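Have a look at the structure below before the remarks.
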Amino acid sequence: MYLADSRSPASITCSTVELNAMPCLPYAEGDKPTIDPKCCTGLQNLVATATSKNDKVTACHCLEDAFKKFPAIQDQYMKAIPNLCNVTVPFPLSKEMKCDK
């Protein structure tokens with residue numbers, strides 16, 4: 001688990017992040033022309049769960065690591081997901097995540 005500050009550990013786990021993000025994979029890889037509603041629900045759950053700064057940094061790093069496992073993910077689709085789901089994500093979704101900023 002990633003920790004942004006060792007004094008207050010994140011309460012979110014990579015398992016939770018990946019579980020919520022998995023329904024987005026077919027769209028992010030360009031396999032599906034439309035986004036699955038489960039992707040939006042998962043993204044909403046992720047944003048609602050990652051409330052502290054440490055949670056957000058941890059979630060970002062978890063997604064960053066998960067994206068590396070799926071090289072077929074295409075940035076233009078990944079970046080479009082928050083807008084398509086009408087969800088504000090506290091960091092940009094892309095293959096070049098900048099989690100520590």
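The values are calculated or read from the model by the stated rules, or taken from the named source; none is laboratory data. Bear in mind the structure is a predicted one, so any value in this text is a computation, not a measurement. Glycine gets a Cβ as well: all are built from the backbone with ideal geometry, and neighbour counts include every protein chain shown. Side chains are part of the model used for accessible areas, which takes the heavy atoms of the whole protein and leaves out ligands, DNA and RNA. Shrake-Rupley method; radii C 1.70, N 1.55, O 1.52, S 1.80 Å.
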What's the magnitude of the charge dipole for the chain around its Cα centre, counting Lys and Arg as +1 and Asp and Glu as -1 at the beta-carbon? Answer in Debye, nearest 20. 160
In order over the range 79-92: 3J(HN,Hα) from phi, Karplus 6.51/-1.76/1.60, θ = phi - 60°, whole Hz, x for each Gly or Pro, gives 5, 7, 4, x, 5, 5, 8, 6, 10, 8, 9, x, 8, x
How big is the chain by the Kirkwood estimate over distinct Cα pairs, in Å? 13.4
Where a label projected 7 Å from the Cα of Ser52 along Cα→Cβ would reach, residues of the range 13-27 with amide N under 18 Å: 13-17
Carbon and sulfur %, accessible surface of the range 43-101 computed with the full protein complex present, 1.4 Å: 51
Spatial extent of the range 31-83: Rg and Dmax, with the Cα atoms as the point set, Å: 12.0, 34
How high is the relative contact order of the range 2-101, in percent, with contacts defined as C-alpha pairs under 8 Å that are six or more residues apart? 33
Taking the chain and counting helices only, DSSP H stretches of n ≥ 4 at -39,500 (n - 2.57) each over all residues, the nearest-500 ellipticity at 222 nm comes to -15500 deg cm²/dmol
Could you state the principal axis extents of the C-alpha atoms in the range 14-54, from the largest down, to the nearest angstrom? 33, 16, 14
Nearest-ten-degree value, helix 53-69 long axis tilted from longest Cα axis of the chain: 40
